[in-house]
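*Asks:* Let me give you the structure first, and then I'll get to my questions.
Derivation of every value follows stated rules applied to the coordinates shown; laboratory data play no part. Model, not experiment: these values are computed from the prediction. So basically every Cβ, Gly included, is an ideal-geometry build from the backbone, and we count neighbours across all protein chains shown.
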Number of protein chains: 2
Amino acid sequence: MKIGELAAIVGSDVDTIRYYEKIGILPKPARTQGNYRHYSVQHVDRLKFVRHCRSLDMTLDEIRVLLQFRDAPESNCGEVNHLLDEHIGHVTARIATLMELEKELHKLRRQCRKAQKAKDCGILAAIGHGETHQGSKNVKRHIAGTH
Amino acid sequence: MKIGELAAIVGSDVDTIRYYEKIGILPKPARTQGNYRHYSVQHVDRLKFVRHCRSLDMTLDEIRVLLQFRDAPESNCGEVNHLLDEHIGHVTARIATLMELEKELHKLRRQCRKAQKAKDCGILAAIGHGETHQGSKNVKRHIAGTH
DNA sequence: TAGAACCTTGGAGCCACTCCAGAGTCAAGC
DNA sequence: GCTTGACTCTGGAGTGGCTCCAAGGTTCTA
C-alpha cells in the first residue's frame, strides 16, 4: 500500500510517517517503480504500535526502547515493565503539579470579581507582587506544560 | 544592574532574559559604555510578572496580553478575567485527560506481572493490538503532553 | 489528453527556551 | 601595568514531535 493508505488505516498523517522513517522509528520501506513508498502489513502493525504509545504520551525515545523488545521476542521484558512504571510516575506527578496549579489559578481568579479598570484589577496586582509558585519554579519537567 | 544581577534577583536565566527582549516581552534596556545591558527596578517588576505567569503555565502570547493591560491602567480588565478563565479551563481539561491516561496505563501495566520473554509480555502484546486511546487521538491539545 | 489526486524531496516553522563559540569588558590581585 | 577570571556580548544551532510548504514527479479517472 502507499503512504496515504497507511496513514488512513492507522489514523496518522503522511508527514508523520515520513518523519518516523527519517528518525528511524519506522524502517525504510520498499519503493515502487515510480519511487513511491510501498508498505506491508508489518508496517501497519508497527505504526499502530507507535501511535498507540504516542497516545499514551510516551516519547519517541521510550517508544524506541519498546520497539527493541518487540523486535527481540526472546529478550527479557523487565525493562518494559520498568519503563512503564517510570512513565506512570511521570504522569502521576504531572497531574499533581497541574492540580496545584489549578488551585493557584482559582485563587488568583477570585482576586477580580468584575470587569474594571486594569489598575484596580486584583488579578494583575496579584501576579505583580505574587511569589513565583514554588512547584513550577525552575523545575525541569519530564511532563510538559499546559500548552 | 547588569543582566546577571537581574537574573539572580528574579530567579531566571540570562539567556531567557535576552530571549524575552528579542521577542519583545521585555523592552530593550539602556546600555553601559561597555555595551552591557543596564536594568532598573521597572525591569525587575516586569520580569517577575512574566516569570510568575510562566510558573502558572501561561504562554508568552497570553502573557503579552496581560502585559498590555498592565501597561494600560485605565483599560477595562474584562479580558484579563476571560483569559484566566480560559487558561483554567485548559488546565482542568488537561488534568482530566491525564487522569484517563493514568488509568489506561495502570490497566496496561497489569498485563505483565513479572519479567519474562518479550514475546510473552502482556504489555507489548496489549500495545500491539490495542486501540489507540480515543481521548488523545489526533487531538490538537492546548495543554501539552507529559514530557 | 487533461486534470485531479496522489506522491517525492528538502527545508522552514512552531514553542520556550538552552547551550555554545568566539569575542569583548571589567574588577581584583600581584 | 599585567594577568586572571568572572562576567557580558552577538549570532546561531539544537530540543521534540510534528506540521506545512514549494516545486516537481506519478498515477488514476473522465
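*Asks:* Report the residue, chosen from A:Leu108, A:Leu56, A:Leu98, that carries the largest GNM mean-square fluctuation when chain A is represented by alpha-carbon nodes joined by springs under 10 Å.
*Replies:* Greatest mean-square fluctuation among the candidates belongs to A:Leu108.
*Asks:* How much mean residue ellipticity at 222 nm does chain B get from its helices, if each DSSP H run of length 4 or more adds -39500 (n - 2.57) and you divide by all residues, to the nearest 500 deg cm²/dmol? Numbers along the way, then the final one.
*Replies:* Details: 6 runs with 84 residues, N = 147.
Computed mean residue ellipticity for chain B: -18500 deg cm²/dmol.
*Asks:* Could you give each residue of segment A:33-41 its phi-based ³J(HN,Hα) in whole Hz, using Karplus coefficients 6.51, -1.76, 1.60 with θ = phi - 60°, and x for Gly or Pro?
*Replies:* So the Karplus estimates, Gly and Pro as x, are 4, x, 6, 7, 5, 10, 10, 10, 4 Hz.
*Asks:* With θ set to phi - 60°, apply the Karplus curve 6.51 cos²θ - 1.76 cosθ + 1.60 along segment A:12-28 and write out the HN-Hα couplings as whole Hz, x wherever there is a Gly or Pro.
*Replies:* Result, ordered by residue: 10, 10, 4, 4, 4, 4, 4, 5, 4, 5, 4, 9, x, 6, 10, x, 5 Hz.
*Asks:* List, shortest first and in nm to one decimal, how far the label point of A:Arg64 (7 Å from Cα along Cα→Cβ) is from its counterparts in the other copies.
*Replies:* Label-point distances to the other copies, shortest first: 3.4 nm.
*Asks:* Once the label point is placed 7 Å from Cα along Cβ, list for B:Met99 the distances to the corresponding points in the other copies, in nm, shortest first.
*Replies:* So the distances to the same position in the other copies read 0.8 nm.
*Asks:* Which residues make up the longest stretch of chain A clear of GluC sites (Glu not before Pro) that lie in a DSSP loop with no more than 16 other Cβ atoms within 10 Å, not counting the sites? Provide the component values of the computation, followed by the final result.
*Replies:* Numbers: sites that count: A:Glu74, A:Glu131.
Counting only loop sites that pass the neighbour cut-off, the longest clear stretch is A:1-73.
*Asks:* Here's another thing I want to ask about it. Go ahead and run the numbers for FRET between B:Lys114 and B:Thr59, Cβ-Cβ distance against an R0 of 41 Å, rounding to 0.05. It would help to have the intermediate numbers written out before the result.
*Replies:* Values: r = 44 Å, r/R0 = 1.08.
Using R0 = 41 Å, I get an efficiency of 0.40.
*Asks:* Nearest 10 degrees is fine. How inclined is helix A:60-71 to the longest principal axis of chain A, computing both from alpha carbons?
*Replies:* Tilt relative to chain A: about 30 degrees.
*Asks:* Across the protein assembly as shown, what fraction of all alpha-carbon pairs, as a whole percent, falls in each successive 5 Å bin from zero upward?
*Replies:* Per 5 Å bin, starting at zero, the Cα-Cα P(r) for the protein assembly as shown comes out as 1, 5, 10, 12, 12, 11, 11, 9, 9, 8, 6, 4, 2, 0, 0 percent.
*Asks:* For segment A:1-26 and segment B:69-96, what is the separation of their C-alpha centers, rounded to whole Å?
*Replies:* If you average the Cα positions of each part, the centres end up 38 Å apart.
*Asks:* Quick one: with label points 7 Å out along Cα→Cβ, list the inter-copy distances for B:Val41 in nm, shortest first?
*Replies:* 7.5
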